[in-house]
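The values are calculated or read from the model by the stated rules, or taken from the named source; none is laboratory data. The structure displayed is predicted, hence computed values, not measured ones. Counting neighbours? That spans all protein chains shown, and the Cβs are built from the backbone with ideal geometry, glycine included.
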Amino acid sequence: MKRATTNGNGHGIEAMSYSDLVTLQNHIAQLIEQKRASEKAALREKFAALAKRQGFDITELVGGKGRGRSSKVAPKYQDPANPENTWTGRGRMPRWMSAATKSGRKHKEDFLISA
């Protein structure tokens with residue numbers, strides 16, 4: 001692997017200013033992302049061609065959907081004082097509901113959204 005030690009004018013990167021180093025870092029980050037994307041696309045094409053030669057569709061082998069979060073979950077609870085405050089019932093209880101239920105006069109079920 002080549003190691004760049006000069007900034008184009010024969011001086012080492014150690015002599016570069018902070019601003020120049022940050023600019024260089026940002027430029028390198030952009031180049032890395034571009035290279036990653038292009039190499040990923042090339043690899044995907046190679047895999048698809050190999051699968052096709054063997055009589056398969058690439059989606060049969062790796063699945064049609066990419067990894068990621070599943071569809072958005074509909075809210076199950078709503079704050080009567082502010083209808084914009086909603087909660088799906090997953091994760092931590094939101095502050096508005098926690099504060100309302102802390103006294104014991106209201107329960108989680110009191111905030112259910114009626115279907």
*Please indicate, with yes or no, whether at least one residue in the stretch 72-84 is modelled with pLDDT of 90 or more, surrounded by 11 or more Cβ atoms within 10 Å (Cβ to Cβ) and polar (S, T, N, Q).*
yes
_Failed criterion for His27 (all others in (1) modelled with pLDDT of 90 or more; (2) surrounded by 11 or more Cβ atoms within 10 Å (Cβ to Cβ) hold)_ = (2)
_Hits in the stretch 102-115 - residues which are in a helix (DSSP H, G or I) and either within 17 Å of Pro83 (Cα to Cα) or touching a residue at least 40 places away in the same chain (Cβ under 8 Å) (or both)_ = Lys108, Glu109, Asp110, Phe111
